[in-house]
Every structure is written in C-alpha cells, then in structure tokens.
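The values are calculated or read from the model by the stated rules, or taken from the named source; none is laboratory data. Computed from a predicted model, the values in this text were never measured in an experiment. Here Cβ is always computed from backbone atoms with ideal geometry, including for glycine, and neighbour counts include all displayed protein chains.
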2 protein chains.
Amino acid sequence: MTDTTSPALTTALGYHHAWTSGDLDGAMAYVADDVVCDAPAGRLEGAAAYRGFMSPFVRILRRAELIGAFGDDDTAVVVYDTETVPVASSPAAERVTVRDGRIAYSRFIFDRTPFDAARRAANGR
Amino acid sequence: MTDTTSPALTTALGYHHAWTSGDLDGAMAYVADDVVCDAPAGRLEGAAAYRGFMSPFVRILRRAELIGAFGDDDTAVVVYDTETVPVASSPAAERVTVRDGRIAYSRFIFDRTPFDAARRAANGR
C-alpha cells in the first residue's frame with residue numbers, strides 16, 4: 001500500500017507517525033513555518049496556527065490506524081481512522097504538498113459532525 | 001499525480017469521472033453489487049443503497065476538481081473538491097478497495113457540517 005520511494009510520502013508519514021504517537025514537537029519538524037492548511041473550519045496560516053489546530057486533537061487521541069498512504073515527488077495523501085475520547089471512529093484524509101522535505105500545504109478532510117455532537121452532549125445541550 | 005498503472009485507480013477514476021459528469025449509471029458500472037461503504041452517516045450495504053446515497057449529491061453538484069489520485073493493485077485513494085448548489089467548496093476523499101474491476105469497499109470522508117447548516121438555513125431554522 002505504501003510507496004516509500006515517494007519523497008513527499010516519506011515526509012507525510014514522518015509527520016503522521018509522530019503526531020499519532022503523541023509527539024507533536026516531532027510532527028511539527030515536518031511542517032513548514034509558513035504552512036497553509038485548508039481545514040474543515042477554514043484556512044490556517046503558519047506553523048503556530050497549525051499546531052493550535054492539532055494540539056487539542058492529539059490530547060484526545062486514543063488510537064490511529066493508517067488505511068491509505070500514497071505519494072509522488074511533491075504530493076502525498078494519507079488516510080487514517082482515529083479513535084478519540086469523544087468519538088469512537090472518525091476517519092480523516094490529508095492531501096499534502098511537500099517542499100524541501102516539509103509540508104507546505106495541506107487539505108485536511110474530516111467530518112466535524114460527531115465532534116460537535118459530542119461537545120454539545122458534554123455541555124448538556 | 002496519477003499513476004495509471006494501478007488497476008484499482010483505473011476503476012476508481014472511471015467511477016469518479018462518470019459521476020462527476022452526472023453519469024450515475026456509468027459510475028455504478030464500477031461499483032460491486034454487494035459494495036460496502038462506510039460513509040459519515042453510517043454504513044451503506046449494496047449497490048442500491050450506495051446509489052441512493054450518491055444520487056442526491058450528483059443532482060446538486062456543480063463542479064468537481066480532482067486534487068489527488070493514487071492507487072496500487074487493489075486499493076486507491078481519490079481526493080477532490082466539490083462545488084454544489086448549497087456549499088461553495090467541500091472536499092472529499094474516497095479510499096476504495098477494488099475487486100474484479102469494481103469497487104467492493106469504500107471509506108468515504110467529507111464534512112457534513114456545511115451541508116447540514118445549508119439545510120437548516122433553507123428550512124428557516
């Protein structure tokens with residue numbers, strides 16, 4: 001499933017394995033300072049904003065399972081399922097552009113609905 | 001970006017190009033009768049259920065843009081952005097398993113939130 005001859009995929013998987021192991025510092029080493037990420041809630045610009053987006057998710061992550069990983073010279077797609085404290089199964093896909101060994105652009109796809117529902121339930125609404 | 005030497009990707013792209021052109025009959029020719037699809041709202045079983053899931057989406061689709069397509073012998077990932085009547089930009093990823101030239105399993109990822117918001121707005125709630 002995994003073509004490790006892809007330089008972009010090597011970066012994407014280095015990032016993926018780091019953050020899914022709880023090592024957000026290690027993951028950010030694969031992310032460009034001026035990264036742009038189009039996430040479900042909108043565009044994030046810069047590594048600090050990206051870290052602020054990932055950090056709460058890493059804290060609630062129980063388990064991640066890689067279910068697809070492909071790439072070529074400068075793009076890669078990583079698809080995985082996650083188990084988090086509030087949501088038993090939530091898959092996500094990241095389609096990244098890599099420049100100089102770091103993620104310069106990411107299109108980040110997941111369904112916000114179960115997370116919003118869990119938040120409302122926790123708030124008693 | 002596209003490795004057309006992948007048999008699974010050839011199927012996934014045949015399906016993708018058909019439905020994004022509005023040809024749902026043509027797309028379903030690439031989908032196994034006993035397809036299983038894990039979609040955001042839950043599991044769909046069988047081609048009729050799958051068609052019932054895709055049909056309303058094809059009707060509201062204005063435009064789709066392929067932003068990632070990779071595969072190997074039996075799996076493929078297709079990532080694309082969509083413009084629909086209610087939602088200007090909504091990306092999706094499909095990670096499929098192909099058997100005998102047809103999609104046997106699909107993990108379908110997109111954010112339901114903007115579609116639900118548009119539905120509530122249309123209903124005046």
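Among the residues of the stretch B:1-11, those that are over 16 Å from B:Y105 (Cα atoms) and either small (G, A, S) or touching a Phe, Trp or Tyr at 6+ places or on another chain (Cβ under 7 Å) (or both) comprise B:D3, B:S6. Residues that are surrounded by fewer than 18 Cβ atoms within 10 Å (Cβ to Cβ) and among the hydrophobic types (A, V, I, L, M, F, W, C) were ranked within the stretch B:85-103; the one that is farthest from A:R112 (Cα to Cα) is B:V85. Across the stretch A:84-94, a minimum of one residue is classified as of a type outside the set (A, V, I, L, M), touching a Leu at 6+ places or on another chain (Cβ under 6 Å) and under 21 Å from B:F110 (Cα atoms).
Among the residues of the stretch B:68-80, how many are acidic (D, E) and more than 8 Å from chain A (Cβ to nearest Cβ)?
We begin by selecting, within the stretch B:68-80, every residue acidic (D, E); these are B:72-74.
Okay, now just the ones that are also more than 8 Å from chain A (Cβ to nearest Cβ), so B:73-74.
Looking only at that region, the number is 2.
Any residue that is outside any strand (DSSP E or B), surrounded by fewer than 19 Cβ atoms within 10 Å (Cβ to Cβ) and in contact (Cβ under 8 Å) with a residue 12 or more places away in the chain - is there at least one of those in the stretch B:75-84? No, the stretch B:75-84 has no match at all.
Looking across the stretch A:12-31, just one residue is closer than 10 Å to A:S106 by Cβ and more than 10 Å from the chain's Cα centre (by Cα), and that is A:V31.
In the stretch B:85-125, of all residues being in contact (Cβ under 8 Å) with a residue 40 or more places away in the chain and either in contact with a Cys (Cβ under 7 Å, 6 or more places away or on another chain) or of a type in the set (A, V, I, L, M) (or both), the one that is nearest to the other protein chains (Cβ to nearest Cβ) corresponds to B:I109. Of all residues in the stretch B:105-116, those that are surrounded by fewer than 18 Cβ atoms within 10 Å (Cβ to Cβ) and in a strand (DSSP E or B) total 1. Any idea which residue in the stretch B:80-125 is farthest from A:A76 (Cα to Cα), counting only those that are among the basic types (K, R) and at pLDDT below 95? Filtering first and then ranking leaves B:R125.
Could you tell me whether the stretch B:40-55 includes any residue that is out of contact with any Asp or Glu (no Cβ under 7 Å at 6 or more places or on another chain), touching a residue at least 60 places away in the same chain (Cβ under 8 Å) and either under 27 Å from A:D72 (Cα atoms) or within 11 Å of chain A (Cβ to nearest Cβ) (or both)? So far as the stretch B:40-55 goes, yes, one or more of its residues are out of contact with any Asp or Glu (no Cβ under 7 Å at 6 or more places or on another chain), touching a residue at least 60 places away in the same chain (Cβ under 8 Å) and either under 27 Å from A:D72 (Cα atoms) or within 11 Å of chain A (Cβ to nearest Cβ) (or both). Residue count for the stretch B:14-68, restricted to those that are surrounded by 13 or more Cβ atoms within 10 Å (Cβ to Cβ) and assigned to a helix (DSSP H, G or I): 20.
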